[in-house]
Amino acid sequence: MTDHLTTLFVGLGSPHGDDQIGWRVADWLASQDDLPSGLAIRKAAIPLDVLDWLEDIQILGVCDALETSTPRKELERWEWNASGEDRFDRLLPILKRTNTGNSHDYQLAEVLDLAGKLDRLPPRVVVWGIPAVQFQPGQPVSEDLQENLPTICEQIRSDLTLR
Amino acid sequence: MTSEESNRRTIKVNALTRVEGEGALHVKLQGDVIEDVQLAIYEPPRFFEAFLRERPLEDVPDITARICGICPVAYQMSSVHALESALGVTITPEIRRLRRLLYCAEWIESHALHMHLLHAPDFFGLASGIELAGLFPEQFNRGLRIKKHGNELLEVLGGRAIHPINVTVGGFYRVPKRQELARLIPDFEWGLDAAVESTRWVATFDFPDFHRDYQMVSLSHSDEYPMNEGRIVSTSGLSIEVTDFEQEFAEEQVPHSTALQSRKTSNQSTYHVGPLARVNLNFDRLSPTAREVAKEIGFSVPCNNPFQAIIARGLEVIHSYEEALEILRDFRFFQPARMEYEYQTGEGCAATEAPRGMIYHHYAVDDEGKITSAKIVPPTSQNQAQIEADLRDWLPHVLHEDDNQTALACERLIRSYDPCISCSTHFLKLTIERNDS
C-alpha cells in the first residue's frame, strides 16, 4: 500500500475468549514502529461502528475472530477491489456465510453491504478471519491462538504493507 | 377421504426470525374459518427466575440485564426498584433523575433500531433494513445516528453501550462528571430535530386499515411521562398500585409455547402493552415538541391500529431527546452515588416501562441479602396472547393471498409489536392448514 493512500485497519472484538483476538492484533500493530504513514488503527466492539469511520478511506482492513468447530491456524482472507475482478457483489455472499458470532447487531458482512448501499464502501477492502473456537465470557484467549498470535500479526502486517 | 378432510389446509411456519428467541406460527383453517392460531415460542426456557435464587441481591441488576441486549436498562431499572422496595431504600431526586436519563438513552436506541432497521422495511415490501438503506439512505443514516446517540449516552452513564454496568441497588456505582454528559448536548440537539424528521417520515407510511378494541395497559404518573414509577392503568378504567399486579394479571403456560402468556385474571382477556399503550394513556404528559408533532401529523388518541405503533415510537424518541436535553443541561455532579442499605428479610416489586412495554419484577430477599424468589414478567410475554388474538382478526384480511404473502402479512403485524428482537432477515415461518370447502 503506498504512503499517500488513506488506510484504516479495524480490529473487531469483545472481552470474551478468542473474540479478543481482533483487538490483540490492533494493539500489536499500534505498537509497531515501521508501519506506513496514512494508516489508522482502531478497535471496535460492534461492526456497525466501522460505518462511521469510512469517510475518505481508500483501503479498509478488518480483522475479526471467525468461529470454527475445529482449531486451525490458517487465516481466512477476503478482498474486493472496485477496479479489479474481485467485485464486492461477488464476494459478499461468501462473506455472509461466515460466522463472526455477533448476535445483537448487524454482522460484519451486513455492515459492509450497508456501506455499499450508502455509498461509503472504500474502493478496496480486505477482511481477515482468524479461526477461533472458544468465546466464553470472561475467559482469556485460548492457548493455541495465543501461541499463534505473533504469526497472525506478522501476516497481517505484511499484507498491509504490501505494495 | 371425506370432503372435510380434503378441505383442511395447514400452513406451517417453523422458524420465526427477527424476534428475540425462536418462534413459529401455525394456522389451521377449515374453508374460510380459522380453527386455530398458535404463536409458538420454542426457544428453550432460560431459567433466570430460578438461577437468581440464593444469589446476592447485588448480582440481580447485571444478571437480569443479560436477558436482553437491546433493552437491558429495563431489566436493571425494574430489578433495582423492586429490591429497593424490599429493603426500604428511598433514592434521592438526583438518582431518580439520572435513572430517567438512562431510560431515555434506551428508548432512543431501541426505538430507533426498530423504527428504521426492523419495521420501516415492512411498509415498502422490503426484506431488510439494508434494502431500505438503498432506497432511503438519508432517512436510514439519520436512524443509525439516532441509535448511536442512545448507545453513547448508555456508555457514558451506564458504563457500557450494551449491558450497562453502572446500575446498582441504591443508585449508581459512579456518577458521571458534568463535562462527560455536557459534551453530548450538541449531538442531542441535532437528535431532537432528527427525531422530529423521522417521525414526520414514518407518519407518511401507508398503514393498513386495521383497528382493534384493545385493552391497553401501561404505567401512569401524575407529573411525568411514565418510565420508572406510577400506577398501572388501562383504557378500560383500571387504576391499581403496582403491588396489585399479580392479582390483576396472571401468566400461564400454554402447550404450544415455551414462553408464558399473560391474561387478566378477572376475565382471562388479553391486553396490549407498549408505546401505543403508553401514548394512548399518557398523551398529555408527552414533551411539548412530541405533542406538537403529533398534532402536525394528525396523530391523535385513541389510536388502536397496531401498525401505527411506529408513530408512537417516533413520538417517544422525540420525548426522550427533549427530556434528556433538559437533564443534560441542568446536570450537576452529586454524591452519594448510591444509598446505603442493610439486609432485611422482605419482598418488593416494581414495574417500569421498557421500550416494548410494561415490565414487572418481584423479589423476596433474606436477612443475608440473598434472593429467595424471583418473578420477572417481560412485556413481550404479556403481549403474546394479544398478538395471537390480533392475528386471528387479521388473517381474514390476508388469507386470499398465497401462503408466502400471508406469512409476510402476519410477520408485519407481529413486528409492529417489536417483540424483543435481534436483527435478522426473515422472522416468520408460517404454517396454515387450509381445509377449503
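The values are calculated or read from the model by the stated rules, or taken from the named source; none is laboratory data. Bear in mind the structure is a predicted one, so any value in this text is a computation, not a measurement. Using ideal geometry, Cβ is built from the backbone for each residue, glycine included, and neighbour counts are taken over all protein chains shown. The accessibility values were calculated without ligands, DNA or RNA, using every heavy atom of the protein model including side chains. Shrake-Rupley method; radii C 1.70, N 1.55, O 1.52, S 1.80 Å.
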For region B:29-90 and region A:1-73, write down the distance between their C-alpha centroids in whole Å. 36 Å
Just the accessible area for B:E197, please: 1.4 Å probe, Å², rounded to the nearest 10? 80 Å²
Hey, could you grab the Kirkwood Rh for the protein assembly as shown? Inverse mean 1/r over distinct alpha carbon pairs, Å, one decimal. 25.6 Å
Once the cut-off is 29 Å, how many percent of the Cα-Cα pairs in chain B end up in the long-distance tail? 45 percent
Heavy-atom accessible area order for B:R392, B:R96, largest first, 1.4 Å probe: B:R392, B:R96
Hz values of 3J(HN,Hα) by residue in region B:163-172 - Karplus curve (6.51, -1.76, 1.60), Gly and Pro given as x: 6, x, 10, 9, 8, 9, 4, x, x, 10
Per residue Cα convex hull volume in Å³ - calculated over region B:278-413: 171 Å³
Estimated vicinal HN-Hα couplings, Hz - region B:133-146 in sequence order (Karplus 6.51, -1.76, 1.60; Gly, Pro = x): 4, x, 8, 10, x, 5, 5, 5, 4, 4, x, 5, 5, 4
By how many nm would the segment from B:T258 to B:I240 grow when fully extended, if each residue of separation counts as 0.36 nm and the alpha-carbon distance is taken off? 3.6 nm
Under 5 Å between amide H atoms, partner at least 5 residues away or on a different chain: which partners does B:A354 have, H built in plane at 1.01 Å? B:I359
Rounded, prolate or oblate (a/c below 1.5 giving rounded, otherwise prolate when a/b exceeds b/c) for region B:332-402 by Cα gyration tensor: oblate
Taking the Cα centre as origin and putting +1 on Lys and Arg beta-carbons and -1 on Asp and Glu beta-carbons, what dipole magnitude results for region B:260-419, to the nearest 20 debye? 220 debye
Starting from the Cα gyration tensor of region B:262-333, take the square roots of the eigenvalues, sort them a ≥ b ≥ c, and report rounded, prolate or oblate (rounded when a/c is under 1.5, otherwise prolate if a/b is larger than b/c, else oblate). oblate
Can you give me the accessible area per residue for region B:20-144, using a 1.4 Å probe, in Å²? 32 Å²
B:E323: accessible area at probe 1.4 Å, nearest 10 Å²? 30 Å²
Cα-based shape type of region B:31-148, given that a ≥ b ≥ c are square roots of the gyration tensor eigenvalues and the cut on a/c is 1.5: oblate
From the cross-link list A:K117/B:K148; A:K117/B:K147; B:K147/B:K295; B:K264/B:K375, the entries with a Cα-Cα span beyond 22 Å are B:K147/B:K295
Rounded accessible area of B:R231 (nearest 10 Å², 1.4 Å probe): 90 Å²
How far is the Cα center of region B:319-355 from the Cα center of region B:133-210, in Å? 18 Å
Looking only at the protein assembly as shown, where both bridge partners belong to it, what percent of the DSSP beta bridges are antiparallel (to the nearest 5)? 65 percent
So who's got an amide H within less than 5 Å of the one on B:I41, skipping anything under 5 residues away but keeping other chains? H placed 1.01 Å off N, in plane. B:A24, B:T258, B:A259
